[in-house]
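A short write-up of the structure that comes next.
The values are calculated or read from the model by the stated rules, or taken from the named source; none is laboratory data. Fair warning: this is a prediction, and the values are worked out from it, not measured in the lab. Here the Cβ is made from the backbone with ideal geometry for all residues, glycine too, and neighbour counts use every protein chain on show.
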Amino acid sequence: MSTLYDLDRDALAALLADEPPYRVDQVWRGLYERGVAVDGLTDVPRALRATLHDLAPPGLRAVTEATSPDGTVKWLFALRDGRTIETVLMHYPDRATVCVSTQAGCAMGCGFCATGQAGFERHLSPGEIVEQVVEARRRAAPRRLSNVVFMGMGEPLANYDAVWAAVERLHGAIGLSARHLTVSTVGIVPGIDRLAGEALPVNLAVSLHAANDELRDELVPINRRYPLAVLAEACRRYVERKNRRLSFEWALIDATNDRRRDAEELAAFARPLRAHVNLIPLNPTPGWPARGSSAGKVRAFADTLRTLGVNATVRQNRGTSIDAACGQLRASHGADTAGGTGVGVRPRPRS
Ligand code: SAH
Ligand code: SF4
């Protein structure tokens, strides 16, 4: 059964075939432009709302909703089959950003990541991705939800078709600008090339974490398939074709990738691509014994990058008190993590 937000306009029209033709537009606008839930479609007869609910039910049910002192909201949503995913809403003074999941679990096996530790469960459908945005937009009001980052659980480019269908829906039906959508990837090169061929120019973020193959093989196992030189070429092609800013994510791990030498390697990698670097101290997870870098080391690392001609932003660790890092709420909730296939990768401090 399709969930409500998996229906495209034609499928909705088929579902409403016995209704007057204007209903399709009414329901579509209600769901996407006004962003109300089916119960909120008050201009539609109650019986029709009930039918919609039966034939195309919502795909998400909030299991928990936690708000941290900085206003960050984090949901644990149950999908219709009981699997769970996380969505995080971050407020800024004049707007809001939502971070959405694209898979239940993840098969990429990055050892420092709570989602990677739990392993892969299944892909999300386009509707399950879009519905996270719709929920967050409703919660963000009166702030405008302007940005969507595909940085929650899962690897977006390993679920390419669904992610791209969601991007098109967010752009076409909700009206979000492609320049406000950011796809984050662990570095799946064929996916980056496909993205470069799409008409909508979304932002690309690559989770780098190491700029030498030996360390990156360890931290991010997919590096063994798409090593740094190959990844750099794909990034270059993306930037050339899309003319969009590329960014690198770098989780600073104490005594592992936070020294001057690491910053120098990163600068040498990022500078030719004119990439922006986002630094975030590693969030500790139960399944990995390393710590995040101290505030002083984070500052020093950022300063080194800037001295070497690379733009770097230190990202706030938003919502730490509510486990608002990828996969952590779910891990601490103990929800539905059995049956995962993750491989544990342990860090080896570099000397
Ligand atoms: N799979 C995609 C998107 C989801 S992960 C990717 O890897 O890019 C989103 C971001 O969270 C990635 O940059 C990832 O490296 C980072 N991340 C995962 N676990 C983390 C942790 N424990 N502390 C800090 N960042 C983490
Ligand atoms: Fe998957 Fe991204 Fe976590 Fe790696 S960091 S395991 S790719 S979700």
For segment 129-160, give me the residue count where each residue is over 17 Å from Arg61 (Cα atoms) and either in the same structural domain as Gly35 (by TED's automatic domain parsing) or assigned to a helix (DSSP H, G or I) (or both). 6
Search segment 12-38 for residues being part of a helix (DSSP H, G or I) and without any contact (Cβ under 8 Å) to a residue 12 or more places away in the chain, and hand back the single one that is surrounded by the fewest Cβ atoms within 10 Å (Cβ to Cβ). Tyr22
Condition check: within 14 Å of ligand 2 (Cβ to nearest atom) and assigned by TED's automatic domain parsing to the domain that holds Leu273. Does Leu176 satisfy that? no
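Inspect all residues belonging to segment 123-141 and state whether any of them is near ligand 2 (Cβ under 10 Å from one of its atoms) and buried (at least 19 other Cβ atoms within 10 Å of the Cβ).
For segment 123-141, residues near ligand 2 (Cβ under 10 Å from one of its atoms) and buried (at least 19 other Cβ atoms within 10 Å of the Cβ): absent.
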Do you know which residues across segment 162-193 are within 12 Å of ligand 1 (Cβ to nearest atom) and either under 17 Å from Arg137 (Cβ atoms) or in contact with a Gly (Cβ under 8 Å, 6 or more places away or on another chain) (or both)? Thr182, Thr185
Output the number of the condition that Cys235 fails; it satisfies all remaining conditions of (1) within 16 Å of ligand 2 (Cβ to nearest atom); (2) at pLDDT 95 or above. (1)
Please work out if Gln117 is assigned to a helix (DSSP H, G or I), touching a Phe, Trp or Tyr at 6+ places or on another chain (Cβ under 8 Å) and within 13 Å of ligand 1 (Cβ to nearest atom). yes
Condition check: in contact with a Ser or Thr (Cβ under 7 Å, 6 or more places away or on another chain), assigned to a loop (DSSP other than H, G, I, E, B) and either within 16 Å of ligand 2 (Cβ to nearest atom) or of a type in the set (Phe, Trp, Tyr) (or both). Does Gly111 satisfy that? no
For Asp70, which of the numbered conditions (1) part of a helix (DSSP H, G or I); (2) more than 19 Å from Ile174 (Cα to Cα) fails to hold? (1)
